[in-house]
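Reading through the structure tokens given below for one structure.
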């Protein structure tokens, strides 16, 4: 059996995978810089962040496995989309995290128009958390 042709990822999938990993690295670096500049560097926080990146890497690997299995197992039906969708979601998430880190490291850029997007997102997240907390209190 020739294992060299088990599966061939498309250019878009390869770029999405590489982009997700590159932005994960960029997020780690920007987070470290921000923590150092704000005198908040903690190894426990870094371990947590590295753990989150490891989980994201496992999610990408899982998507790759699903993609490969979909090409060889009838009825799975995930072929061609799994890796791309997962990586694009991670890329969007990492861009937001990188921008947050940059604002913490250099607060002057927080007033730029692009950052207004995150103020709205933060307000929605806080509101959703408040509702969740209230529901959990009431049991």
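Annotation: residue 39 fulfils all but one of (1) over 20 Å from residue 92 (Cα atoms); (2) within 19 Å of the chain's Cα centre (by Cα); (3) without any contact (Cβ under 8 Å) to a residue 12 or more places away in the chain; the unmet one is (2).
Here is a yes/no grid of residues against (1) touching a helix residue (DSSP H, G or I) at 6+ places or on another chain (Cβ under 8 Å); (2) part of a helix (DSSP H, G or I); (3) modelled with pLDDT of 90 or more; (4) exposed (fewer than 12 other Cβ atoms within 10 Å of the Cβ):
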{"site": "16", "(1), (2), (3), (4)": "yes, yes, yes, no"}
{"site": "30", "(1), (2), (3), (4)": "yes, yes, yes, no"}
{"site": "39", "(1), (2), (3), (4)": "no, no, yes, yes"}
{"site": "51", "(1), (2), (3), (4)": "no, yes, yes, yes"}
{"site": "63", "(1), (2), (3), (4)": "yes, yes, yes, no"}
{"site": "68", "(1), (2), (3), (4)": "no, yes, no, no"}
{"site": "78", "(1), (2), (3), (4)": "yes, no, no, no"}
{"site": "83", "(1), (2), (3), (4)": "yes, yes, yes, no"}
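Cβ-Cβ distances below 9 Å connect the following pairs, each with a first residue in the range 77-91 that is in the same structural domain as residue 64 (by TED's automatic domain parsing), a second residue that is part of a loop (DSSP other than H, G, I, E, B) and surrounded by 15 or more Cβ atoms within 10 Å (Cβ to Cβ), and a separation of six or more residues or different chains: 83/9.
The values are calculated or read from the model by the stated rules, or taken from the named source; none is laboratory data. Computed from a predicted model, the values in this text were never measured in an experiment. Please note: Cβ atoms are built from the backbone with ideal geometry, for glycine as well, and neighbour counts cover all protein chains shown.
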